[in-house]
Amino acid sequence: MSSVTLVKKQAEFILKNAFLRPLVLPVAKTFTYLSGYREMGLKLDDLLWEENPAVQKAISRLPVEESYARNYRIITSHQLAVSIDVLPSNKAIQPSEDVPYLTPYILEAEAEIAEKESLNNSVVA
């Protein structure tokens, strides 16, 4: 099973579990806030490791507008890092804006890679 697919299944399990949800959700929200990536103008999917073949395939499938927006956010965050600064709170990414734009494409790419792998490893009797 691939990495993003596994994380998605674990997150769904935690969110459905009546015991784990109230324990994990506040910790996750606090961790997200303290990580500071939104203050750098980034969304969570901008932080994913690009050297993964599934992520590379997903990035290539992004619509042009989303690809430009992603590149702009990454360039902005690099500039902020160089200048040792963060965005003002009115320009930082809000939690409602931090939606997974790349994750659906990654899940699709990982499913295709897993299918190809199983077909390549199948034995014809």
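The values are calculated or read from the model by the stated rules, or taken from the named source; none is laboratory data. Computed from a prediction, not measured in an experiment: that's the story for all the values here. All Cβ positions, glycine included, derive from the backbone under ideal geometry; neighbour counts span all protein chains shown.
Of the residues in region 81-93, how many are outside any loop (DSSP other than H, G, I, E, B) and more than 19 Å from L48 (Cα to Cα)?
1
Of all residues in region 90-125, how many are of a type in the set (S, T, N, Q) and touching a residue at least 40 places away in the same chain (Cβ under 8 Å)?
So the count comes out to 2.
So how many residues does region 38-63 have that are assigned to a helix (DSSP H, G or I) and charged (D, E, K, R)? Give the derivation first.
In the first step, residues of region 38-63 are kept if they are assigned to a helix (DSSP H, G or I); the result is 38-40, 44-47, 53-61.
If we keep only those that are charged (D, E, K, R) too, we end up with 38-39, 45-46, 57, 61.
Going through region 38-63 one residue at a time, the tally reaches 6.
Within region 1-24, how many residues are under 30 Å from Y72 (Cα atoms) and in a helix (DSSP H, G or I)? Write out each step before concluding.
Step one: of region 1-24, the residues under 30 Å from Y72 (Cα atoms) are 2-8, 11.
The next check asks that each one be in a helix (DSSP H, G or I); those that pass are 3-8, 11.
Count: 7.
Evaluate the following for L34: is it in contact (Cβ under 8 Å) with a residue 24 or more places away in the chain, assigned to a helix (DSSP H, G or I) and not charged (D, E, K, R)?
Criteria not met by L34.
Within region 94-125, restricting attention to residues that are aliphatic (A, V, I, L, M) and in a helix (DSSP H, G or I), which residue is surrounded by the most Cβ atoms within 10 Å (Cβ to Cβ)? Give the steps one after another, and end with the answer.
The initial filter retains those residues of region 94-125 that are aliphatic (A, V, I, L, M), namely 99, 102, 106-107, 109, 111, 113-114, 119, 123-125.
Add one more test, that the residue is in a helix (DSSP H, G or I), and what stays is 106-107, 109, 111, 113-114, 119.
On the way: I106: 25, L107: 17, A109: 22, A111: 13, I113: 15, A114: 14, L119: 8.
Among residues in region 94-125 that are aliphatic (A, V, I, L, M) and in a helix (DSSP H, G or I), the one surrounded by the most Cβ atoms within 10 Å (Cβ to Cβ) is I106.
Name the single residue that is farthest from E108 (Cα to Cα) among those in region 15-43 being at pLDDT below 95 and in contact with a Lys or Arg (Cβ under 9 Å, 6 or more places away or on another chain).
Ranking the candidates gives T32 first.
Looking at region 10-65, which of the residues that are β-branched (V, I, T) and surrounded by 11 or more Cβ atoms within 10 Å (Cβ to Cβ) is nearest to the chain's Cα centre (by Cα)?
V55
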